[in-house]
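Every read-out reported here was derived from the displayed coordinates using simple, explicitly stated rules and does not represent laboratory data. As the structure is a prediction and not an experimental result, all values here were calculated from the model. Note that we place each Cβ from the backbone using ideal geometry, even for glycine, and neighbour counts take in every protein chain shown.
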Amino acid sequence: MGTGEVTRYLARYGSARVAKAVLIGVLPPFVLKTVDNPEGVDGQVFEGIKAAIVKDRYAYFGDFFDNFYNTDTFAPDRISGRAWDASFQVAVTASPFATYACVDLWLTDFRDDLPEIDIPTLVIHGTADRILPYEATARRLPGLIKDLRLVPVEGGPHNIGWTHPEQVNTALLDFLAA
């Protein structure tokens with residue numbers, strides 16, 4: 001949800017004190033499928049997530065992190081069991097109410113915010129992201145942000161910072177040097 005926070009901040013407060021922005025694993029522009037957003041994700045997916053949280057929050061987190069890292073593809077080579085466990089341990093300390101309530105925040109519409117971003121912006125996103133699908137999110141950003149550089153990480157999951165640090169770090173360093 002950090003990419004939504006950065007997007008909303010820049011739209012509301014401007015970039016006077018910000019030179020560049022980096023968004024990794026993006027939520028914008030708008031993830032919910034609606035009549036005017038047919039590229040989005042069906043609302044029943046989010047209702048299913050909330051139902052899973054209510055039923056068994058710990059099982060939900062297990063499934064979430066399997067998809068966060070695409071463990072069927074990247075474990076144990078790019079994500080160890082211990083690293084997965086660490087993520088799980090942090091997540092289960094979150095408030096049960098906040099865990100449930102944050103799902104609705106994923107449905108925030110950032111389409112009006114994006115044109116307000118007036119600084120160079122780097123977006124890095126895994127093309128196999130199961131949390132925020134590439135086609136519903138990052139792929140749609142070119143043209144919505146004026147000065148955007150999109151770096152798709154082929155086959156990457158949501159947490160490409162962990163599983164693909166060589167590609168993420170190269171993209172970051174190239175962007176900062178430009």
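Structure data summary
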quantity	calculated
Exposure proxy order (Cβ contacts within 10 Å, fewest to most) of Ser95, Ser80	Ser95, Ser80
DSSP bridge pairs, the chain: antiparallel proportion in percent, nearest 5	10
Which of Thr99, Thr7 has the fewest Cβ neighbours within 10 Å, and the rest in rising order	Thr99, Thr7
Computed label-point distance, nm, for sites Asp36 and Glu166 using a 7 Å Cα→Cβ extension	4.5
Electrostatic dipole magnitude of the chain [Cβ: Lys, Arg +1; Asp, Glu -1; Cα centre; debye, to 20]	340
Point-to-point label distance, Asp63-Ser95, nm (Cα→Cβ direction, 7 Å offset)	2.5
Added length on full extension, which subtracts the Cα-Cα distance from 0.36 nm per residue, Tyr13 to Glu135	41.1 nm
Helix 81-92 vs. the chain, principal-axis angle (Cα, 0 to 90°, nearest 10)	90
For the range 1-69, with +1 on Lys and Arg beta carbons and -1 on Asp and Glu, the positive-most of Gly2, Val18, Phe46 along the dipole	Val18
Cleavage-rule hits (trypsin sites (Lys or Arg not before Pro)) in the range 123-169: DSSP loop, at most 13 neighbouring Cβ within 10 angstrom	Lys146
Positive-pole candidate from Thr121, Leu144, Val168, dipole of the chain, charges at beta carbon	Thr121
Sparse-neighbourhood loop sites, trypsin sites (Lys or Arg not before Pro) in the range 67-115 - DSSP loop, at most 15 other Cβ within 10 angstrom	Arg111
